Structure formats: structure tokens, C-alpha cells
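The values are calculated or read from the model by the stated rules, or taken from the named source; none is laboratory data. These numbers were taken from a predicted model, which means no experiment stands behind them. Neighbour counts are summed over all protein chains in view; Cβ atoms, including those assigned to glycine, are modelled from backbone coordinates with ideal geometry.
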């Protein structure tokens, strides 16, 4: 027996999560397009709720989150008693792994899926199983082939991050039908609001005993700085998760601002429409400059370059121009940059900068000196 203080086995094998960069050395007004934040921010009603909540921060928050759960239920036509709220959807993911996976169990997710799936799996002592995608799209057959008697959870983000791609409800239903009986399908709907007419898997989580949906207020609602998320699924599963949820995991401020935000669906509609407009424009503008991307259904595009060296060089060039995007080598996409769809001015600026990068790279080809990121104006 060791006489040293040590963490549980596997904890030190977890790579620290790296969020999108927010600063560039020497640049005071850099444009951040690295974390898929809503460029229009929170709604005015949410901001007003934030200011009102300051008068009650000396009081403990409600432990059952009833008012927020009811507001979410009304907005989405869901049973409030089957909703659980957390510190971002990350905490709901963590609850699921903590409650349903452990040593000897396996958790399945796709090769380009959200990094928290693997982190939460390893924190629970379970074994992460990474499955190949098909041209950056979730492959249901590959997931089913990876499942066995040890599988406890299957995570898919739909739309996926960082690819922006998604699969249809028929494929999701086929996946749910094919899972082993002890496994739960978790549909991560962080970007669901960006897809018109898509319920994020709510209907399946309502009608099936093995499906849970997670959602967040960090993206289209513009509340990333407050960290609020929620999950929805079978009563039995939600009851289990609530038994390990901290009673005061959400503050009064979080609860009241999120309630105001979810009741302001006009703001959501405006943000969705503007995101769709600029997402199409940005993807087409980059394609014209020789930078392709898959059709995105989220609030970002995944720009593909010839190789990792070109992606790294472009990222360095963008930083020199005061533009921060996300390198995604940690998502097994070393030749790509994930670019948040910002407001129109930001989209035009990043497209122009990438155009300059490609033009400069082309001009130096064959000259023997190569392209030097950041050189010149």
C-alpha cells in the first residue's frame, strides 16, 4: 500500500480541458471567434433580470429550481418534473457518468465529439471508447458496432461540435433501437436552437426509456458567463441524477436570468435568423478563397486546410490581425480551424484576413522562402 496521497486511478491521465483563447499578446481589441458565443449577447429581458437579482444575492437559492424548470417546460412543451438543471450541460454530462458508469464499464462517443465526454468518463473510472465518424458525420453503424455488454452510455452531439454536422431523427431512432438494454443514449443539444424545427431529441427523450437530452443556455441564449444548462429524460433517470446533484448547484442569479432568457423566444428567433444568414455568407466566402467546410447547422463553421502546417500558419496570421479562432487538433482535426459565426463585421473581417493569408501563401510558393505568418501588414 502506498504511503503517499494519490488521486483515484486514471485521474492523472485526463488532459486538462483547454477553452477557446480570449486574448492575443499585444492586441487590446481582438475579436474572439473561438468559443461559439452569441455575438449579440443575452436578451434585454435577461439583463434586466440580472440587475434585479442583485438585491437577493444574500439569500440561498431554491434547491429544486422549480420556476426555471417550469419556464423551460412551457417554452419547449415538456414535463417540468423530468427536467434537471446544472452548471452548464457539462454538469449534466458529469452527473450521467458519475451515476451510470464506473470501473469495468464503457462510454461510447465519436472521434470528433465534445471533449467533456472523455473527461467525465475517465473521472468516473470508466473506459472511454472513441468511434470513427464518416467524413466528419456521426456514423450510427460504427457506434452500434462498438457497443457491448459493458456499454453504459453513448454520447452524440447533434449538431456536433466542432464539425457542425448532424444526423436526422430517423438515424437517431435507429441508434436508440440498436443499443444494448443497459445503455443510455445521451443527445447533446447544445446547438439545437440553431436548427429550425429541431427539438434536440426531446420527443425521443419523452417517449423512450433509454434516451436523455442535454441543453445549454451558453450558446444562443448568450449566457456562457453564467454557466447554466439542463437535461430532460425518463423520470427514473432524472431522479437518479438529482440524488447526486448538489442542492445549491445554481445561484439565484443563474436561476432568475435563465428563466427570463427562456421566456424571451423572440430574441432566440432573431439570433437564429441572423446566425443562419452570416453562416451561409461566411462559408461561401471562405470556399471562394479555397477553404472548404462541411454544411454547418450550428453557430460556427469548421474551415479545412491542406494540412496541419497550413492550419497552424493561418491561425498565427489571424492572431496577428487581431482575430482569435479555435485550433481543434485536440478533436482529432489538426488541419482545421473552428470559426464562430460572429456579427457581420466580424465575419467580413475574418473572411478578408483568410483571403489575404491564402493570397500571400500562393505568392510565396516556389520562391523558397515560405510564408511567414504575421510578416507585413
Practice problem: Go through 272, 263 for me and flag whichever is modelled with pLDDT of 95 or more, touching a helix residue (DSSP H, G or I) at 6+ places or on another chain (Cβ under 8 Å), within 19 Å of residue 35 (Cβ to Cβ) and surrounded by fewer than 22 Cβ atoms within 10 Å (Cβ to Cβ). | Solution: 272
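So, restricting to helices (runs of 4 or more DSSP H) that lie completely within region 169-267, which ones have at least 2 residues that are more than 17 Å from the chain's Cα centre (by Cα) and under 17 Å from residue 71 (Cα atoms)? Let's see the steps before the verdict.
Details: elements: 169-178, 202-207, 235-244, 252-262.
Qualifying helices (runs of 4 or more DSSP H): 252-262.
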Quiz item: Can you pull out the residues in region 48-70 that are surrounded by fewer than 20 Cβ atoms within 10 Å (Cβ to Cβ) and closer than 21 Å to residue 190 by Cα?
Solution: 70
Exercise. Return a yes/no flag: does region 190-202 have any residue that is touching a helix residue (DSSP H, G or I) at 6+ places or on another chain (Cβ under 6 Å) and surrounded by fewer than 20 Cβ atoms within 10 Å (Cβ to Cβ).
Key: yes
Self-check item: Sole exception among (1) farther than 20 Å from residue 225 by Cα; (2) part of a helix (DSSP H, G or I) for residue 45, by number
Solution: (1)
Practice problem: Please enumerate the residues belonging to region 313-339 that are out of contact with any strand residue (DSSP E or B) (no Cβ under 7 Å at 6 or more places or on another chain), in a helix (DSSP H, G or I) and over 19 Å from residue 157 (Cβ atoms). | Solution: 313, 316, 317, 318, 320
Exercise. Please specify each residue of region 240-250 satisfying the condition of being surrounded by fewer than 18 Cβ atoms within 10 Å (Cβ to Cβ) and either within 17 Å of residue 225 (Cβ to Cβ) or touching a strand residue (DSSP E or B) at 6+ places or on another chain (Cβ under 9 Å) (or both).
Key: 242, 249
Quiz item: Mind checking whether some residue in region 319-326 is within 11 Å of residue 354 (Cα to Cα) and touching a helix residue (DSSP H, G or I) at 6+ places or on another chain (Cβ under 6 Å)?
Solution: yes
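One line per residue, one yes/no per condition, for (1) over 18 Å from residue 161 (Cα atoms); (2) crowded, with 20+ Cβ neighbours inside 10 Å; (3) free of Cβ contacts under 8 Å to residues at least 40 places away in the same chain; (4) not assigned by TED's automatic domain parsing to the domain that holds residue 111:
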| site | (1), (2), (3), (4) |
| --- | --- |
| 279 | no, yes, no, yes |
| 291 | yes, yes, no, yes |
| 302 | no, yes, no, yes |
| 323 | yes, yes, no, yes |
| 327 | no, yes, yes, yes |
| 336 | no, yes, no, yes |
| 342 | no, yes, no, yes |
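Which fully enclosed helices (runs of 4 or more DSSP H) of region 72-154 have 3 or more residues being buried (at least 23 other Cβ atoms within 10 Å of the Cβ) and under 19 Å from the mean Cα position of the chain (by Cα)? Don't jump to the end; show me each part of the working.
Details: elements: 88-100, 115-123, 140-146.
The qualifying helices (runs of 4 or more DSSP H) are 88-100, 115-123.
Could you tell me whether any residue of region 71-87 is closer than 28 Å to residue 302 by Cα and modelled with pLDDT of 95 or more?
Let us first name the residues in region 71-87 that are closer than 28 Å to residue 302 by Cα, namely 87.
Narrowing the set further to residues that are modelled with pLDDT of 95 or more leaves 87.
Scanning region 71-87 turns up at least one residue that is closer than 28 Å to residue 302 by Cα and modelled with pLDDT of 95 or more.
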